[in-house]
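The values are calculated or read from the model by the stated rules, or taken from the named source; none is laboratory data. It should be emphasised that the depicted structure is a prediction, and the values quoted were computed from it without experimental measurement. When we count neighbours, we look across all protein chains shown, and the Cβ atoms used for this are built from the backbone with ideal geometry, even at glycine.
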Amino acid sequence: MSTPGRAPDPSTPVEEIADPFAAVRAAAARGESTDLGDVVRQAPVLPHGLSGAVGSIDATIAPPVVPTKIVGVGRNYRDHAAELGNDVPQVPLLFFKPLSCLIGSGAPIVLPPGEHRIDFEGELVVVVGRRLRDAPVDEAARAVSAVCLGNDVSCRDLQRSDGQWTRAKGFDTFGPVGPFLRLVDGFDAVPTSARIRTYVGDALRQDGALADMVFSVGEVLAHLSACMTLEPGDVVFTGTPAGVGPLAPGETVRIECEGFDLGRLVNPVVAA
């Protein structure tokens, strides 16, 4: 669905549109230079699709992305690296999260059985709008077509014991994103003064400015594209500021962006 203006609330009228991710990838496969944001703006309304106020539609809010891959950036805030006793990387530290980890706002984060420390990590998430391969920094930054909020849920003890992060960050439900995408014409449209804030219940746990990233979004995407082709719709978690901490059943995590309205990503926490 697509709507102009502010982040939708329950009274915002919306209409169902054709899948923009399928359309932009089909165009890329034909060699056409098409941007995801443009495809969303021009997507036709489905004649028999859902319509009405957001709060009146009998549907679950799904993750607003359909990526071919999810990439995360580790230790991209100096204060977060320091709080876990780690050095700041000299180049972007990259890892994958599986597509099966994605959930939307309102869906529960399910803690796996056993004695584990499971941490929240509030982050800004960027969505690549067009195919990128071996792109310079400026071009890579311009290729961002949308942004949203994300929670890179992480199992700390498995992260330490495994030595790499696939299991630690790959459990089902460990990738909340949303609640909606905000379309942008390149990452320069996002103010670096905007702040990612994470709450557990009503307690503020994280509060970090985008300007505090070690590597800019353009640098991260350029570094990635030197290794792998980024496809339209691919998702990159850009790193988390200091303040991460463990989750427990019965808690609720809320992530917001102060200074750039992205709505509220809210997920309850439950035991398996």
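Give me the residue from region 94-104 that is out of contact with any Ser or Thr (no Cβ under 8 Å at 6 or more places or on another chain) and surrounded by 19 or more Cβ atoms within 10 Å (Cβ to Cβ) and, out of that set, farthest from Thr229 (Cα to Cα).
Leu102
Sort out which residues of region 1-33 are closer than 23 Å to Arg142 by Cβ, modelled with pLDDT of 90 or more and in contact with a helix residue (DSSP H, G or I) (Cβ under 7 Å, 6 or more places away or on another chain), and write them in order of number.
Within region 1-33, Pro20, Ala23, Val24 meet the criteria.
Yes/no per residue for (1) surrounded by fewer than 20 Cβ atoms within 10 Å (Cβ to Cβ); (2) over 23 Å from Leu262 (Cβ atoms); (3) in contact with a Pro (Cβ under 8 Å, 6 or more places away or on another chain):
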residue: Ala22; (1), (2), (3): yes, yes, no
residue: Ser33; (1), (2), (3): yes, yes, no
residue: Ile57; (1), (2), (3): yes, no, no
residue: Val71; (1), (2), (3): no, no, no
residue: Asp79; (1), (2), (3): yes, no, yes
residue: Gly85; (1), (2), (3): yes, yes, no
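Suppose we filter region 244-257 for residues that are within 16 Å of the chain's Cα centre (by Cα) and of a type outside the set (A, V, I, L, M, F, W, C); how many remain?
To start, the set of residues in region 244-257 that are within 16 Å of the chain's Cα centre (by Cα) comprises 253-257.
Filter again for of a type outside the set (A, V, I, L, M, F, W, C), leaving 254, 256.
Counting residues in region 244-257 that are within 16 Å of the chain's Cα centre (by Cα) and of a type outside the set (A, V, I, L, M, F, W, C) gives 2.
Can you run down the residue pairs with Cβ atoms below 7 Å, 6 or more apart or on separate chains, where the first is in region 240-251 and on the phi < 0 side of the Ramachandran plot and hydroxyl-bearing (Ser, Thr, Tyr) and the partner is surrounded by 19 or more Cβ atoms within 10 Å (Cβ to Cβ) and at pLDDT below 95?
If the second residue must be surrounded by 19 or more Cβ atoms within 10 Å (Cβ to Cβ) and at pLDDT below 95, the pairs left are Thr240/Tyr77; Thr240/His80.
State whether the residues of region 202-219 include one that is over 21 Å from Gly106 (Cβ atoms), touching a Ser or Thr at 6+ places or on another chain (Cβ under 7 Å) and assigned to a strand (DSSP E or B).
Yes, there is a match, as at least one residue in region 202-219 is over 21 Å from Gly106 (Cβ atoms), touching a Ser or Thr at 6+ places or on another chain (Cβ under 7 Å) and assigned to a strand (DSSP E or B).
Please tell me if Gly114 is in a loop (DSSP other than H, G, I, E, B) and without any contact (Cβ under 8 Å) to a residue 24 or more places away in the chain.
On the way: in a loop (DSSP other than H, G, I, E, B): yes; without any contact (Cβ under 8 Å) to a residue 24 or more places away in the chain: yes.
Yes, satisfied.
Tell me which residues, restricted to region 1-37, are acidic (Asp, Glu) and more than 16 Å from Val147 (Cβ to Cβ).
The answer is Asp9, Glu15, Glu16, Asp19, Glu32.
Suppose we filter region 25-76 for residues that are in a loop (DSSP other than H, G, I, E, B) and either at positive phi or not hydroxyl-bearing (Ser, Thr, Tyr) (or both); how many remain?
At the first step, the residues of region 25-76 found to be in a loop (DSSP other than H, G, I, E, B) are 30-35, 43-44, 46-50, 57-69, 75-76.
Those still in the list that are either at positive phi or not hydroxyl-bearing (Ser, Thr, Tyr) (or both) too: 30-32, 35, 43-44, 46-50, 57-59, 61-67, 69, 75-76.
Matching residues across region 25-76 total 24.
State which residue is modelled with the lowest pLDDT when the search covers only region 137-190 and only residues that are part of a loop (DSSP other than H, G, I, E, B), acidic (Asp, Glu) and in contact with a helix residue (DSSP H, G or I) (Cβ under 9 Å, 6 or more places away or on another chain).
Taking the candidates together, the pick is Asp185.
Limited to region 105-147, what total is found for residues that are crowded, with 18+ Cβ neighbours inside 10 Å, over 16 Å from Gly233 (Cα atoms) and within 17 Å of the chain's Cα centre (by Cα)?
Of the residues in region 105-147, 8 are crowded, with 18+ Cβ neighbours inside 10 Å, over 16 Å from Gly233 (Cα atoms) and within 17 Å of the chain's Cα centre (by Cα).
Failed condition for Thr198, given (1) surrounded by 15 or more Cβ atoms within 10 Å (Cβ to Cβ); (2) of a type outside the set (Asp, Glu); (3) under 17 Å from the mean Cα position of the chain (by Cα); (4) closer than 26 Å to Ser225 by Cβ, with all others met?
(4)
Here's the yes/no breakdown for (1) polar (S, T, N, Q); (2) surrounded by fewer than 21 Cβ atoms within 10 Å (Cβ to Cβ):
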site	(1), (2)
Thr173	yes, no
Ser193	yes, yes
Gly208	no, no
Asp212	no, yes
Ser216	yes, yes
Leu224	no, no
Ala242	no, yes
